[in-house]
Amino acid sequence: MDTLTGHAILADAATGGRVFQVDVVFDRGVYLPELDLWLDSLRKRDTSVVSHAHSDHIARHSSPVLTRRTRILLGDYYQRSQPVELEYGEPLETPEYSITLHPAGHCLGSAQALVVNRQSGERLLYTGDLRMQPSPINEPAEAVPCDTLVIESTYGRPDYVFPPQEEAIATAVRVIGQWLGQGAIPVVLGWRLGKAQEALHHLLTAGFGVVCEESVHDIARRYESGGVTFPGEYRVFDGDFRDGEVGIFPPGRKSREQISQSIQPGRSVRYLELTGWAAGKGEKPWGRGRPGDSSLPYSDHADFSDLVSYVEAVQPKRVYTVFGFPDLAAHLRQHGYAASHLGKNATPGDQAMQMPLL
Ligand SMILES: [Zn+2]
């Protein structure tokens, strides 16, 4: 993840004539200066909420605040820290604020953080990475009403609207069956934590034999430690594909090298990529390597429609978008929300939105 920096200060008139101020700073993580609280800081802090186990949301904080399952997925990453584990809905109280974590639906253990300012009563919700569509292996996301919403906008542009997940999965199963019928080795490419384990669950459900690259296999076992049951056996890749097997590997050059070094002459490999970027018509915001033989729009993030629906569901007074396209904030402004994007790709419209409120 690139370094994104931004800063906005909003002041607003509260009911009862009292004026309260909300500060949200985005600087390699979300910071609430009034409460001296970090959320998903990428630099080491004394205390930071860690919304989920993806490497672009973590650092070795002294006291990370996270769910038990996020800690399980991170293995020994926090062995020298003093993690604060919270169940969903269980409050962490300090004199200044209380925090509760709520399911974000993005990967196992992923959490949104609701921070209530004890003095003003202000409710700030930070979504982390969010996904509203159901997954066979994640806790379903909850919509959490709030005053200030800090929401991810990875797919916050109108051309990123995904087809129903069942369609993408049915197509994947059909394509893989065809490739096997042609004598090819099908390999599904999906991010090593989260999407790969979802692919594993779907492929086992469809009755395929599955072999997983080592890190995918290791994380699948951690999912099992976190209480997830996969509907069949799977094995770790040992340099060989057996007849009828489907591989699951992380995207990237290393996987392709590892596979090409191990297949016997005469056998061909076909790659199927599961990624939300397959849905967009425009330029990708960053490179994602060589595309697969087939790319299907399947993501562990919310698409544009789900992001907009989520904002409508939680009824915020103001919205900040982070991590992605600024277009979502512009769309929300057109629909009457006080919304601005925080980050290096903020637009003049984002700043204009902030100025009158200062
Ligand atoms: Zn993530």
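The values are calculated or read from the model by the stated rules, or taken from the named source; none is laboratory data. Just so it is clear, the model here is predicted, and its values are computed rather than measured. No Cβ is skipped: glycine too gets one built from the backbone with ideal geometry, and neighbour counts run over all protein chains shown. Surface accessibility is based on the protein's heavy atoms, side chains included, excluding ligands, DNA and RNA. Shrake-Rupley method; radii C 1.70, N 1.55, O 1.52, S 1.80 Å.
Per this entry, residue 173 is counted among residues that are aliphatic (A, V, I, L, M) and either open to solvent by 10 Å² or more (accessible area, probe 1.4 Å) or assigned to a helix (DSSP H, G or I) (or both).
Is one or more of the residues making up region 203-213 part of a helix (DSSP H, G or I), hydroxyl-bearing (Ser, Thr, Tyr) and in contact with a strand residue (DSSP E or B) (Cβ under 6 Å, 6 or more places away or on another chain)? No. Cβ-Cβ below 7 Å, separation at least six or inter-chain, first residue in region 159-171 and within 26 Å of residue 328 (Cα to Cα), second open to solvent by 40 Å² or more (accessible area, probe 1.4 Å) and part of a helix (DSSP H, G or I): which pairs? Sorted first by the residue in region 159-171, then by its partner, the pairs are 161/305. If you go through region 128-140 and pick out every residue that is open to solvent by less than 30 Å² (accessible area, probe 1.4 Å) and either more than 12 Å from the ligand (Cβ to nearest atom) or aromatic (Phe, Trp, Tyr) (or both), you end up with 3. Inspect all residues belonging to region 151-168 and state whether any of them is closer than 30 Å to residue 120 by Cα and out of contact with any helix residue (DSSP H, G or I) (no Cβ under 6 Å at 6 or more places or on another chain). Yes, the conditions are met somewhere in region 151-168.
So for region 194-203 (the condition being at pLDDT below 95 and under 23 Å from residue 268 (Cβ atoms)), does at least one residue qualify? Within region 194-203, none of the residues are at pLDDT below 95 and under 23 Å from residue 268 (Cβ atoms). Within the set of pairs 6+ apart or on separate chains, which have a first residue in region 201-220 that is open to solvent by 30 Å² or more (accessible area, probe 1.4 Å) and among the aliphatic types (A, V, I, L, M), a second that is at pLDDT 95 or above and assigned to a helix (DSSP H, G or I), and C-beta atoms under 9 Å apart? Note: pairs meeting the criteria are 206/169; 206/172; 206/173; 206/176; 206/177.
Does any residue of region 111-121 turn out to be modelled with pLDDT of 95 or more, within 16 Å of the ligand (Cβ to nearest atom) and either touching a Lys or Arg at 6+ places or on another chain (Cβ under 6 Å) or closer than 30 Å to residue 167 by Cβ (or both)? Checking region 111-121: at least one residue is modelled with pLDDT of 95 or more, within 16 Å of the ligand (Cβ to nearest atom) and either touching a Lys or Arg at 6+ places or on another chain (Cβ under 6 Å) or closer than 30 Å to residue 167 by Cβ (or both). Taking residues in region 30-57 that are within 16 Å of the ligand (Cβ to nearest atom), and partners anywhere that are among the β-branched types (Val, Ile, Thr), the pairs with Cβ atoms closer than 6 Å and at least 6 places apart or on different chains are 30/150; 39/30; 39/49; 49/65; 50/58; 52/70; 53/70.
Taking the condition β-branched (Val, Ile, Thr), more than 15 Å from the ligand (Cβ to nearest atom) and either open to solvent by less than 10 Å² (accessible area, probe 1.4 Å) or touching a residue at least 12 places away in the same chain (Cβ under 8 Å) (or both), does residue 154 pass? Lay out the reasoning, then the answer.
On the way: β-branched (Val, Ile, Thr): yes; more than 15 Å from the ligand (Cβ to nearest atom): no; either open to solvent by less than 10 Å² (accessible area, probe 1.4 Å) or touching a residue at least 12 places away in the same chain (Cβ under 8 Å) (or both): yes.
So residue 154 does not fit the description; no.
Mind listing just one residue for me: the one in region 58-70 that is away from the ligand (no atom under 16 Å from the Cβ) and open to solvent by 50 Å² or more (accessible area, probe 1.4 Å) and, of those, nearest to residue 101 (Cα to Cα)? That would be 68.
In region 78-100, the condition of being in contact with a Leu (Cβ under 8 Å, 6 or more places away or on another chain), over 21 Å from residue 221 (Cα atoms), within 16 Å of the ligand (Cβ to nearest atom) and among the aliphatic types (A, V, I, L, M) is met by no residue.
In this entry, residue 125 passes the filter for residues that are assigned to a strand (DSSP E or B), among the aliphatic types (A, V, I, L, M), away from the ligand (no atom under 16 Å from the Cβ) and within 17 Å of the chain's Cα centre (by Cα).
Could we say that residue 186 is open to solvent by less than 20 Å² (accessible area, probe 1.4 Å), in contact (Cβ under 8 Å) with a residue 24 or more places away in the chain, away from the ligand (no atom under 16 Å from the Cβ) and not in a helix (DSSP H, G or I) here? Spell out how you get there, then give the answer.
Values: open to solvent by less than 20 Å² (accessible area, probe 1.4 Å): yes; in contact (Cβ under 8 Å) with a residue 24 or more places away in the chain: yes; away from the ligand (no atom under 16 Å from the Cβ): yes; not in a helix (DSSP H, G or I): yes.
Against the criterion (open to solvent by less than 20 Å² (accessible area, probe 1.4 Å), in contact (Cβ under 8 Å) with a residue 24 or more places away in the chain, away from the ligand (no atom under 16 Å from the Cβ) and not in a helix (DSSP H, G or I)), residue 186 qualifies.
Restricted to region 268-312, and to residues there that are assigned to a loop (DSSP other than H, G, I, E, B), at pLDDT 85 or above and over 20 Å from residue 130 (Cβ atoms), the residue that is nearest to the ligand (Cβ to nearest atom) is 293.
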